[in-house]
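The values are calculated or read from the model by the stated rules, or taken from the named source; none is laboratory data. What you see is a predicted model, and the numbers here were worked out from it, not measured in a lab. With ideal geometry, Cβ positions are generated from the backbone for all residues, glycine too; neighbour counts draw on all protein chains shown. Areas reflect the complete protein model, heavy atoms only, side chains present, ligands, DNA and RNA absent. Shrake-Rupley method; radii C 1.70, N 1.55, O 1.52, S 1.80 Å.
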Amino acid sequence: MAPDRRLLQARTRLNRLAIGGWAAQSLFAANELGVFDVLSSGGSMSAAEVAAELGTDQDATRRLLGGLVAVELVEHEGEKFRNGMAAEAYLVRERPESMAGWVSLIGSWNQTFGKLPESVRTGEPAELPEDHLGQSPEYTRQFIIGMHGYAIGPGRELARSLDLAGRSSLLDVGGGPGTYSLLLAEANEGLRCTVWDLPPVVAIAEEVIADHGLSGRVQTTAGDYHADAFPPGHDAILISNTLHQEDWETCVAILRKAYDALPSSGLVVVQAMFLNESGDGPVWPALLNLLLLMIARGGRNYSVGQTFEMLRAAGFGDPEHHTTSVLNAASYVTATRP
């Protein structure tokens with residue numbers, strides 16, 4: 001009897017899914033050890049040379065390099081290894097668009113995912129949300145710098161797509177490292193941006209802003225969107241990858257504060273990795289929804305339709321959804337105050 005091809009394909013998919021974490025762990029280990037930095041500075045290197053630079057075991061280093069070749073992060077010719085295109089562009093820490101910090105953060109959250117069964121049993125986070133929002137200085141820095149590395153790509157797309165013509169001042173609510181403000185200011189001559197976040201966060205944002213030489217047009221203000229009214233004097237408000245940290249009622253309250261702070265015809269922009277309306281895709285937003293169960297008390301991912309409902313409940317009319325590219329998991333919703 002011939003085997004059922006569909007069952008064989010299903011078994012293969014299951015095997016790939018089961019060992020998918022091994023590929024990620026190889027990336028996390030190489031990132032932590034500095035493999036990509038060494039290969040970038042040394043060019044094509046043997047496993048022995050890489051091990052000597054890193055102070056690691058030669059055989060174990062050769063095995064790691066082999067795994068990185070298998071997942072197409074490193075290239076191999078003869079006895080020499082070199083970074084592949086993705087690793088050289090995004091995993092070398094000195095690169096302007098390096099995602100090494102973000103990969104480090106995801107590596108930490110990969111360990112958190114091991115606690116998913118308990119969070120599903122209890123409905124409670126697996127870690128204290130306050131830790132990455134100021135309570136733990138080390139974790140807060142890892143979180144904020146990691147978010148900067150991630151946000152550069154989506155931020156450039158947002159800056160290309162979002163129409164801010166005629167807008168003079170933007171408030172970046174929960175703006176973290178200020179990445180979106182920096183990129184929007186660069187793309188819109190004359191636009192001034194204010195990054196508004198908790199005091200430990202804006203201290204890090206000020207470093208990022210200074211490194212980009214835009215301190216004159218991008219400033220910071222410390223505050224808490226739970227407790228404080230939004231700073232006045234802005235005709236556009238950006239709320240990017242922030243609402244998913246909160247429950248429904250808090251999201252509506254945040255959007256009502258945005259409504260109150262804006263003038264007539266003022267613009268609010270909500271960017272997120274939106275779920276589909278059935279809550280089961282796309283893959284990245286659906287898995288992010290699980291992560292939020294473990295790291296955000298009450299947080300969850302929302303759909304575009306749910307975001308429209310929140311905006312209308314806050315007083316905004318006629319929200320619109322805008323997509324960017326198929327390579328970007330994020331999109332955004334705009335609405336204006338009547």
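Residue count for the range 307-338 under the criterion of being in contact with a Leu (Cβ under 8 Å, 6 or more places away or on another chain), open to solvent by 20 Å² or more (accessible area, probe 1.4 Å) and not small (G, A, S): the result is 4. The set of residues from the range 177-201 being part of a helix (DSSP H, G or I), open to solvent by 10 Å² or more (accessible area, probe 1.4 Å) and touching a strand residue (DSSP E or B) at 6+ places or on another chain (Cβ under 8 Å) comprises Y180, P199. With respect to the stated conditions, A18 is open to solvent by 70 Å² or more (accessible area, probe 1.4 Å), without any contact (Cβ under 8 Å) to a residue 24 or more places away in the chain and either closer than 26 Å to G153 by Cβ or of a type in the set (A, V, I, L, M, F, W, C) (or both).
All conditions but one from (1) under 19 Å from P154 (Cβ atoms); (2) assigned to a loop (DSSP other than H, G, I, E, B) apply to G101; the one that does not is (2).
Select, from E94, E124, the only residue that is closer than 15 Å to G34 by Cα and of a type outside the set (A, V, I, L, M). Only one candidate qualifies: E94. Out of T112, T56, one residue alone is β-branched (V, I, T) and modelled with pLDDT under 95. It is T112.
For first residues located in the range 201-215 and at negative phi, partners that are surrounded by fewer than 21 Cβ atoms within 10 Å (Cβ to Cβ) and in a loop (DSSP other than H, G, I, E, B) and lie 6+ apart or on another chain with Cβ distances below 7 Å form the pairs V201/G134; I209/S215. Beta carbons closer than 7 Å, at least 6 apart along the sequence or on distinct chains, pair a first residue in the range 134-154 that is free of Cβ contacts under 8 Å to residues at least 40 places away in the same chain with a second that is surrounded by fewer than 17 Cβ atoms within 10 Å (Cβ to Cβ) for Q135/L128; Y139/D131. Within the range 138-150, not a single residue is more than 15 Å from the chain's Cα centre (by Cα) and either of a type in the set (A, V, I, L, M) or open to solvent by less than 20 Å² (accessible area, probe 1.4 Å) (or both). Of all the numbered requirements in (1) under 19 Å from the mean Cα position of the chain (by Cα); (2) more than 30 Å from T112 (Cα to Cα), L275 misses one, and that requirement is (2). In the range 261-268, the count of residues that are surrounded by fewer than 23 Cβ atoms within 10 Å (Cβ to Cβ), farther than 22 Å from T324 by Cβ and without any contact (Cβ under 8 Å) to a residue 60 or more places away in the chain is zero.
Only a single criterion out of (1) assigned to a helix (DSSP H, G or I); (2) surrounded by 20 or more Cβ atoms within 10 Å (Cβ to Cβ) is not satisfied by N301, namely (1).
In the range 208-218, the residue that is surrounded by the most Cβ atoms within 10 Å (Cβ to Cβ) out of those that are touching a Gly at 6+ places or on another chain (Cβ under 9 Å) and at pLDDT 95 or above is V218. Restricting to the range 282-298, name every residue that is open to solvent by 20 Å² or more (accessible area, probe 1.4 Å), more than 12 Å from A272 (Cα to Cα), outside any loop (DSSP other than H, G, I, E, B) and touching a residue at least 40 places away in the same chain (Cβ under 8 Å). Those that are open to solvent by 20 Å² or more (accessible area, probe 1.4 Å), more than 12 Å from A272 (Cα to Cα), outside any loop (DSSP other than H, G, I, E, B) and touching a residue at least 40 places away in the same chain (Cβ under 8 Å): L290, L293. Taking only the range 198-219 into account, find how many residues are touching a helix residue (DSSP H, G or I) at 6+ places or on another chain (Cβ under 7 Å) and closer than 17 Å to M147 by Cα. The total comes to 7.
Could you please let me know if E124 is over 21 Å from the mean Cα position of the chain (by Cα), open to solvent by 50 Å² or more (accessible area, probe 1.4 Å) and among the acidic types (D, E)? Spelling it out, E124 is indeed over 21 Å from the mean Cα position of the chain (by Cα), open to solvent by 50 Å² or more (accessible area, probe 1.4 Å) and among the acidic types (D, E). When residues in the range 71-93 are screened for being in contact (Cβ under 8 Å) with a residue 12 or more places away in the chain and assigned to a helix (DSSP H, G or I), 3 of them pass.
For every residue, the table says whether it meets (1) out of contact with any Gly (no Cβ under 9 Å at 6 or more places or on another chain); (2) open to solvent by less than 70 Å² (accessible area, probe 1.4 Å); (3) not polar (S, T, N, Q).
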| residue | (1), (2), (3) |
| --- | --- |
| G78 | yes, yes, yes |
| R82 | no, no, yes |
| A89 | yes, yes, yes |
| S108 | no, yes, no |
| E118 | yes, no, yes |
| L128 | yes, no, yes |
